[in-house]
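All remarks here apply to the structure that follows.
Values in this text are rule-based calculations from the coordinates and carry no lab data. Every value quoted in this text rests on a predicted model; they were computed, and no experiment measured them. Glycine also receives a Cβ, built like all others from the backbone with ideal geometry; neighbour counts cover every protein chain displayed.
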Amino acid sequence: MGIFSVTYFNTKGSNNNGTKAGSDNASFEKIYEVYDNITANYYKKVDSQKLIDGAISGMLDSLDDPYTTYMNQEETKGFKSDISSSFEGIGVEVQMTDKTLTVVSPISGAPAEKAGLKPNDQILEVDGKSIQGKTLSEATNKIRGEKGTRVLLTIQRPGESETRKVSIKRDTIPIETVSTKMLDNKIGHISITSFSSHTHEEVLEGLKKLDKEGMKGLVVDVRQNPGGLLDQAIDIASLFIEDGKPVVSIENRAGQKEVYKADSSKDGDFKVKVPVTVLTDKGSASASEILAGALKESAGATLVGNTTYGKGVMQTAGELDDQSEVKLTTAKWLTPDGNWINKKGIKPDVKVDAPKYANISLYDVTKTYQSGDVSSAVQSIQQMLNVFGADLKQAKGSFDDATVAAVKAFQAEHKLPETGKVDTKTSTVLITELQEKLSSNDTQLKKAQEVTATKVKK
């Protein structure tokens, strides 16, 4: 999901100045002339839809705004799926292992689990057609489909000589954006990964659960949260801020401001009444920053971690006649105290860096890396190996003899074939181990927990 705060409205037919931009506007004649010239005279056959899409993208690119984009029908579907908190499919997490689509785990209660799919099942065909050679995205798109329709998968299960065919009825699969857990000393932890259409409901449910468990303080974690729907951020902030206090102000290009204030009436006036700390990093953007700024300035929350991304503008998604969309920057937003954080971010009250290895770049795990290779992916592999005890002083991306030896040592320790090559299986174990190490050594969360504990009344 991209970095955004978004609202929806219909843009068909008019612009902000009240003038209609249509075929009667002489300024568009040049565009029509160029289009006609290309379609009539270009030496190759042209796709007229590509020309139209390109013209629209060109207009938007001229704004020099990375957040203003044109999305064709397919991209619009993906965007709406990202913010809808659900998708239609069979509900299974998959990855490419040795160029074969492999089940990581079925989602609990989803059609894939009910049909008996298991971890490590290999999906060879979809509806009788091989997916060998397809990318991960291409393969999963073939499995997804409308609710109520069926998909026939050909499965190879480890240890079985014969393949099996499994027919699965697609359904709506919810995407959870919120998770909770109770830390030591009754400090609750709620992690929000994005602001989708049901995130507010998930947050409310999670807060009530922590409340019942005797929560005495709370850490709201929006690290690596790229943003999402504006209304969700406002509704979530209202769970923490006294009704009537400001959450965010939206300012248009004319300087007119609309102030959104906390209102918990839809939630039965539920309010968080324990000390709150907000955990942020450079990946906390847009709607995450709206929430963090609101909780800091209107609810007295303490911010811990790193300075946020710094996206102080919002987009409006307008649907066109053919179900494509334009996502256009239409306003900037200000914190309750009137601060515009664009390109600056929000600084934490307590700065805490994550371990250096948290910033190692991920790489394409579907490829195999071996002696002689030189790439940024190899550098990431070397950096990860160093985390687990290797001493690769020249970790600059060259797969040398020392790297081969370090890979073999890692493979031996994890009972993998000692090839000295980093294939998909080795990459998967390496990245999983790194994620587990990060989880067990989360210095930022530990500090946020300490800060929250000091605010709890003894």
Taking a straight Cα-to-Cα line shorter than 15 Å from residue 327, and setting aside same-chain aspartates and glutamates fewer than 8 residues away, one finds 53, 61, 64, 65, 74, 75, 82, 319
Using the Kirkwood formula on alpha carbons, the hydrodynamic radius of segment 197-353 in angstrom works out to 16.0 Å
A student applying the Cα gyration tensor rule (rounded when a/c is under 1.5; otherwise prolate if a/b is larger than b/c, oblate if not) would label segment 357-440 rounded
Across 10 Å bins beginning at 0, the whole-percent shares of Cα-Cα pair distances in segment 51-191 come to 10, 31, 26, 20, 11, 2, 0
Options (i) 37, 35, 24; (ii) 55, 26, 24; (iii) 109, 21, 16 for semi-axes √(5λ) of the Cα gyration tensor in Å; the value derived from the coordinates is listed as (i)
Segment 112-152 scanned against label point 7 Å out from residue 100 along Cα→C-beta; backbone N under 13 Å for 120-125, 131-133
Here the percent of antiparallel bridges among DSSP beta bridges lying wholly in the chain, to the nearest 5, is 70 percent
For segment 367-380, in residue order, the Karplus 3J(HN,Hα) values (coefficients 6.51, -1.76, 1.60; θ = phi - 60°; whole Hz; Gly and Pro = x) are 9, 9, 10, 8, 3, x, 5, 9, 6, 5, 5, 4, 4, 4
Scalar couplings 3J(HN,Hα) for segment 412-428 by Karplus 6.51 cos²θ - 1.76 cosθ + 1.60 (θ = phi - 60°), nearest whole Hz, x for Gly and Pro, are 5, 4, 9, 6, 9, x, 7, 8, x, 9, 9, 8, 4, 5, 5, 4, 4
Counting sequence-distant residues (5 or more places) and residues on other chains, those with an amide H built under 5 Å from that of residue 97 are 102
Heads up, segment 278-356 by the C-alpha gyration tensor (a ≥ b ≥ c square roots of eigenvalues; a/c under 1.5 rounded, else a/b over b/c prolate, else oblate) looks prolate
Exposed-loop cut sites defined as chymotrypsin sites (Phe, Trp or Tyr not before Pro) in DSSP loop states with at most 10 other Cβ within 10 angstrom; longest site-free run of the chain spans 44-458
Which residues qualify? For residue 173, with a placed amide H closer than 5 Å and at least 5 residues away or on another chain, they are 87, 88, 89
With a 19 Å threshold on alpha-carbon distance, the violating pairs from 181/446; 296/455; 282/344; 344/455; 114/147; 273/446 are 344/455; 273/446
Scoring only Lys, Arg, Asp and Glu (+1, +1, -1, -1) among other residues with Cβ under 14 Å from the Cβ of residue 302 yields +1
Dividing the helical contributions, -39500 (n - 2.57) per DSSP H run of n ≥ 4, by the residues of the chain yields a 222 nm value, nearest 500 deg cm²/dmol, of -9500 deg cm²/dmol
Cα-based Debye curve of segment 271-421 sampled at q = 0.13, 0.15, 0.18 Å⁻¹ gives log₁₀ I(q)/I(0) of -0.79, -0.84, -0.95
Residue by residue through segment 262-268, the couplings from Karplus 6.51 cos²θ - 1.76 cosθ + 1.60 with θ = phi - 60°, in Hz, x for Gly and Pro, are 5, 8, 9, 4, 6, 9, x
Over all Cα pairs of segment 162-248, the Kirkwood radius sets Rh, and Rg/Rh then becomes 1.14
Under 5 Å from the placed amide H of residue 420, counting only residues 5+ away or on other chains, we find 408
Once normalised by the length of the chain, the mean sequence separation of its alpha carbon contacts under 8 Å that are 6 or more apart gives a contact order in percent of 14 percent
With DSSP loop assignment and no more than 14 other C-beta atoms within 10 Å, the trypsin sites (Lys or Arg not before Pro) in segment 274-377 are 343, 344
Rounded to a whole number, the Stokes-Einstein D of segment 317-366 in µm²/s (Kirkwood radius over Cα pairs; 25 °C; 0.890 mPa s) is 153 µm²/s
